[in-house]
Amino acid sequence: MTMTPTRKLASIQVIEDLTPIPGADAILRSRVLGWTQVVRLDEVEAFRASGNLCVFFEIDAQLPDGPAWSEFMRKHQFVVRTVRLRGVLAQGLALPVSILGEGPVPPVGTDVSERLGVVHYEREVPDDPRICGPFPPLVPKTGELRLQSYPGVLDDIRGHAFYVTTKIDGVSGTFYQPLDGGPLVACQRNWSAAPGDHPIWRIVDRYDLRVTIPPGLAVQGELAGPGVPGKKNRLGLKEMEFFVFNVYDVRRDRFLGYHEIEAFCRDRGLRMVPVERVVEGQEAAEYVHTLEGWLQAAQGCYEGTTARKEGIVVRPVDLVRSGALGGSRLSFKVINNDFLLKDQA
């Protein structure tokens with residue numbers, strides 16, 4: 001079964017840099033993995049005493065309400081978000097390992113989310129009778145890991161042909177045709193939707209997906225445009241649209257490569273996510289992958305609009321397994337920092 005890497009919402013990491021912030025006397029700029037944060041000056045001694053180890057909390061980590069160490073986050077509803085402090089883009093939170101309590105500090109990379117009671121922040125899902133069941137267990141759920149949390153993916157992708165797609169600000173949709181001949185399953189990110197007037201089923205009818213998707217294949221993409229619940233029409237679409245970014249073959253336990261997805265969509269009249277560039281051959285062999293370069297590439301607006309795009313997704317043209325992601329398929333997203341600061345709901 002294809003492995004889907006799991007985010008470490010709270011983990012033991014190393015603070016790689018501590019630098020002064022001009023005009024700020026009580027805080028310093030820090031760096032963990034590919035993220036920058038702000039730490040209090042009075043915590044520096046604790047960091048250094050532990051060999052610059054810290055507990056690092058990723059964006060969207062929800063800290064527990066109760067422990068003294070998390071009380072300062074109450075004004076933020078205990079949720080770690082992207083903010084700007086004294087001109088520094090703060091993404092994530094680094095705290096001293098002393099919050100773990102007595103005992104030895106676990107090795108670098110250890111996930112301590114459960115130990116600290118940290119969970120993923122989930123926006124409230126409305127009570128919707130159109131939601132009817134679980135996500136199909138044979139199909140990997142959608143979701144990309146952020147480059148800053150796994151900078152080692154840059155070593156994994158070097159030398160490989162790759163392609164870059166625009167990350168659509170919409171709602172994830174998965175359409176699966178079961179191998180046993182059962183009815184098509186249409187899902188949002190974590191559940192299946194009952195046939196009817198759900199936006200996902202409008203896409204099924206428009207593209208006749210009950211017929212166009214062969215048994216054993218799952219088509220995944222993003223619903224965007226007018227009529228998508230909880231989302232703005234940032235792409236300026238005249239009607240709701242479905243943008244394909246994955247095709248998964250359950251029988252072979254593999255995702256189709258770029259050229260296969262392109263052909264699949266073309267043959268069935270489906271729309272693939274916008275492809276910003278494809279880098280192959282000598283250009284791919286010599287391409288210099290850096291965090292700064294990809295952060296810059298993630299900026300900009302959706303084509304034909306003045307709306308900031310959410311970011312980009314980078315994948316090899318053909319399947320590559322990533323050591324940085326524990327053997328999972330190599331793929332990562334880079335979010336537009338301007339979008340995070342100004343547009344994220």
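At-a-glance table
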item	result
Residue list for the stretch 5-40, filter: among the hydroxyl-bearing types (Ser, Thr, Tyr) and under 27 Å from the mean Cα position of the chain (by Cα)	Thr6, Ser11, Ser30, Thr36
Pick from the stretch 120-139, criterion loosely packed, with under 10 Cβ neighbours inside 10 Å and closer than 18 Å to Pro229 by Cβ, ranking: modelled with the highest pLDDT	Glu122
Some residue of the stretch 313-331 being modelled with pLDDT under 90, under 18 Å from Arg146 (Cβ atoms), in contact with a Lys or Arg (Cβ under 6 Å, 6 or more places away or on another chain) and surrounded by fewer than 21 Cβ atoms within 10 Å (Cβ to Cβ)	no
The stretch 267-290: number of residues that are within 24 Å of the chain's Cα centre (by Cα) and within 26 Å of Lys141 (Cα to Cα)	9
Among (1) in contact (Cβ under 8 Å) with a residue 40 or more places away in the chain; (2) at negative phi - the single one Gln296 does not satisfy	(1)
Among the candidates Glu114, Glu71, residue that is open to solvent by 70 Å² or more (accessible area, probe 1.4 Å), more than 22 Å from the chain's Cα centre (by Cα) and of a type in the set (D, E, K, R)	Glu71
From the options Thr290, Thr305, residue that is more than 22 Å from His160 (Cα to Cα) and open to solvent by less than 60 Å² (accessible area, probe 1.4 Å)	Thr305
Positions within the stretch 46-99 being over 12 Å from Val118 (Cβ atoms) and among the aliphatic types (A, V, I, L, M), in sequence order	Ala46, Ala49, Leu53, Ile59, Ala68, Val83, Leu85, Val88, Leu89, Ala90, Ala94, Val97
Residue match in the stretch 258-266 (condition: in contact (Cβ under 8 Å) with a residue 12 or more places away in the chain, open to solvent by 60 Å² or more (accessible area, probe 1.4 Å) and within 19 Å of the chain's Cα centre (by Cα))	no
Evaluation of Glu280 against (1) out of contact with any helix residue (DSSP H, G or I) (no Cβ under 9 Å at 6 or more places or on another chain); (2) free of Cβ contacts under 8 Å to residues at least 40 places away in the same chain; (3) charged (D, E, K, R) (one fails), failing number	(2)
Any chance Gly300 is under 21 Å from Thr166 (Cβ atoms) and in contact with a Lys or Arg (Cβ under 7 Å, 6 or more places away or on another chain)	yes
Filter result (more than 24 Å from Asn337 (Cα to Cα), part of a loop (DSSP other than H, G, I, E, B) and within 24 Å of the chain's Cα centre (by Cα)) within the stretch 161-186	Ala161
Failed item, numbered, when Arg81 is tested on (1) among the basic types (Lys, Arg); (2) within 19 Å of Pro151 (Cβ to Cβ); (3) at pLDDT 85 or above	(2)
Filtered residues of the stretch 187-239 (kept if part of a loop (DSSP other than H, G, I, E, B), open to solvent by less than 60 Å² (accessible area, probe 1.4 Å) and under 18 Å from Arg268 (Cα atoms))	Tyr207, Ile213, Pro214, Gly216
Tally of residues being touching a Lys or Arg at 6+ places or on another chain (Cβ under 7 Å) and open to solvent by 10 Å² or more (accessible area, probe 1.4 Å) across the stretch 241-255	2
Wholly within the stretch 1-61, strands (runs of 3 or more DSSP E) carrying at least 1 residues that are surrounded by fewer than 20 Cβ atoms within 10 Å (Cβ to Cβ) and either modelled with pLDDT of 85 or more or touching a His at 6+ places or on another chain (Cβ under 9 Å) (or both)	10-21, 24-32, 35-40
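The values are calculated or read from the model by the stated rules, or taken from the named source; none is laboratory data. Since this is a predicted model, take the numbers as computed values, not measurements. Positions of Cβ are backbone-derived with ideal geometry, glycine not excepted, and every protein chain shown enters the neighbour counts. Surface areas here come from the heavy atoms of the whole protein model, side chains and all, with no ligands, DNA or RNA. Shrake-Rupley method; radii C 1.70, N 1.55, O 1.52, S 1.80 Å.
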